[in-house]
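**Q** Below you'll find the structure I mean.
The values are calculated or read from the model by the stated rules, or taken from the named source; none is laboratory data. Bear in mind that the values here come from a model prediction, so they are computed numbers and not experimental data. Virtual Cβ from ideal backbone geometry, glycine too; neighbours counted across all protein chains shown.
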Amino acid sequence: MDRPLSLQHYKAGMLLSGAGDALGYRNQLWEYNESGPEIHKELQELGGLKNITAELPDWPVSDDTVLHLATAEGLATGKEGEELYHDVAARYVEGMKDMEGRKPGPSSILGVSQLKPGSEGGYRVAYNPDGTGCGAAMRSMCIGLRYPRPEQLSSLVAVAVETGRMTHPHPTGFLGAVASALFTAYAVQRRPMASWGVGLVMEACPVALEFVKSRGCAVEECVRDWGYFSEKWQWYLDLRGLASGTGPAIWPDQYGPAERDEAYKSFSLSGWAGRSGHDAPMIALDALLGAGSDWEELMSRAGFHGGDSDSTAVIACCCWGLLYGLEGVPQGNHKNLEYRDRLENSAEELYRLSH
């Protein structure tokens, strides 16, 4: 962890985000399976993670990676501000044409259908009280690669909020984008992981609230619905003994696939683990804290659980790749991955822009 961050780490972050997505998704079979123990049983029947070659047609990436690439390739242009927001909105519209068999969520479909990139304010959509899902969180990790430094926090937050609420205009939804972007920035910074959650609640969320107020868009609704995200995160930090920003995390005596399913449900908004903006990054962080440098353990916790397993894996695996590179990852898990070239190319551009 003390090695300086290289281009190879950036590439590993983007590439493994896609690998985690494809593995957690398993062509719709695992994203919609509510039983972690059952997924683990099927994994053993396949010969374990080492035996999986994540390639088409059986292991496509899901909507998560298609839309993460849309964000990343928009950022890779080097555009800023309004010009960037229109560019990313246009890429989301284009990305929605590539959703055959990828299962985009209802808020993503609705939000993108309302975008009018190029026309004034056309990257904004109407406030949606149901826009609490994880669709913004799962596509925002790359924002932390573009703005990785502590002094760039306000830029990171601005881009995460504005691109996040293109489809998820509810704070529980778009603050998920802030969390994913922030955690990748923290991984680049080599900030101690036990402090990531406190950084989100105490540093990034207040910046996001001020930003939302300054933009004058759906301020009343956002302020009204703001509290849940931070409150639930504070609850999680208390649960894990991380409220002071120092570790080690406190774990239950038993925390296998069945126990994790129950725990992750308790993180969630409505019993569907990882489905919302607050709990997809929460499960990702929980997995990162518990897995250390062990790829198989990371996937076991972040990618093979009941609920929205590809969306939690896409976030966790991006951070893990930034921390550990490709070391210890079976080649088959990423070598022939769909869109591998695009993931690596966008990583190169983001690395260049961030330096």
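**Q** If you go through the stretch 106-128, how many residues are part of a loop (DSSP other than H, G, I, E, B) and in contact with a Pro (Cβ under 9 Å, 6 or more places away or on another chain)?
**A** Residues that pass the stated criteria total 6.
Residues checked against (1) in a helix (DSSP H, G or I); (2) at pLDDT 95 or above; (3) surrounded by fewer than 19 Cβ atoms within 10 Å (Cβ to Cβ):
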{"position": "ASP238", "(1), (2), (3)": "yes, yes, yes"}
{"position": "LEU242", "(1), (2), (3)": "no, yes, no"}
{"position": "ASP253", "(1), (2), (3)": "no, yes, yes"}
{"position": "ALA258", "(1), (2), (3)": "yes, yes, yes"}
{"position": "SER266", "(1), (2), (3)": "yes, yes, yes"}
{"position": "LEU269", "(1), (2), (3)": "no, no, yes"}
{"position": "ALA280", "(1), (2), (3)": "yes, yes, no"}
{"position": "ALA287", "(1), (2), (3)": "yes, yes, no"}
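**Q** Hey, another quick one. If I ask for residues that are under 17 Å from ALA90 (Cβ atoms) and out of contact with any Asp or Glu (no Cβ under 9 Å at 6 or more places or on another chain), which ones from the stretch 110-135 would you list?
**A** Once the filter is applied, which keeps residues that are under 17 Å from ALA90 (Cβ atoms) and out of contact with any Asp or Glu (no Cβ under 9 Å at 6 or more places or on another chain), the stretch 110-135 yields GLY111, VAL112, SER113, GLN114, LEU115, LYS116, GLY118, SER119, GLU120, GLY121, GLY122, VAL125.
**Q** Would you confirm whether or not the stretch 36-49 contains a residue that is among the acidic types (Asp, Glu) and assigned to a loop (DSSP other than H, G, I, E, B)?
**A** no
**Q** So if I check each of GLU327, GLU297, which one is of a type in the set (D, E, K, R), modelled with pLDDT under 95 and over 23 Å from LEU56 (Cβ atoms)?
**A** Only one candidate qualifies: GLU327.
**Q** When you scan the stretch 200-219, do you find a residue that is more than 28 Å from ARG146 (Cα to Cα), of a type in the set (A, V, I, L, M, F, W, C) and without any contact (Cβ under 8 Å) to a residue 12 or more places away in the chain, even just one?
**A** The answer is no, given that none of the residues of the stretch 200-219 is more than 28 Å from ARG146 (Cα to Cα), of a type in the set (A, V, I, L, M, F, W, C) and without any contact (Cβ under 8 Å) to a residue 12 or more places away in the chain.
**Q** One residue is enough: does the stretch 304-314 have a residue meeting the conditions of a type outside the set (Phe, Trp, Tyr) and surrounded by fewer than 18 Cβ atoms within 10 Å (Cβ to Cβ)?
**A** no
**Q** Right, something else. Scan the stretch 126-135 and give yes if some residue there is within 21 Å of LEU343 (Cβ to Cβ) and in contact (Cβ under 8 Å) with a residue 40 or more places away in the chain, otherwise no.
**A** yes
**Q** Out of all the residues in the stretch 162-201, which are buried (at least 24 other Cβ atoms within 10 Å of the Cβ) and either over 16 Å from the mean Cα position of the chain (by Cα) or farther than 26 Å from ARG240 by Cβ (or both)?
**A** The answer is THR163, ARG165, MET166, THR167, PRO169, HIS170.
**Q** Taking the stretch 211-236, which residues are assigned to a loop (DSSP other than H, G, I, E, B) and touching a Leu at 6+ places or on another chain (Cβ under 8 Å)?
**A** The answer is TRP226, and nothing else.
**Q** How many of the residues in the stretch 50-68 are surrounded by 15 or more Cβ atoms within 10 Å (Cβ to Cβ) and in a helix (DSSP H, G or I)?
**A** 6
**Q** Within the stretch 21-41, work out how many residues are of a type in the set (D, E, K, R) and either touching a Lys or Arg at 6+ places or on another chain (Cβ under 8 Å) or closer than 27 Å to LEU343 by Cα (or both).
**A** 3
**Q** Of everything in the stretch 72-91, what is more than 21 Å from the chain's Cα centre (by Cα) and over 22 Å from HIS355 (Cβ atoms)? Give them in sequence order.
**A** GLU82, HIS86
**Q** Please go through the stretch 113-125 and give me each residue that is within 22 Å of ASP64 (Cα to Cα) and without any contact (Cβ under 8 Å) to a residue 40 or more places away in the chain, ordered by number.
**A** SER113, GLN114, LYS116, PRO117
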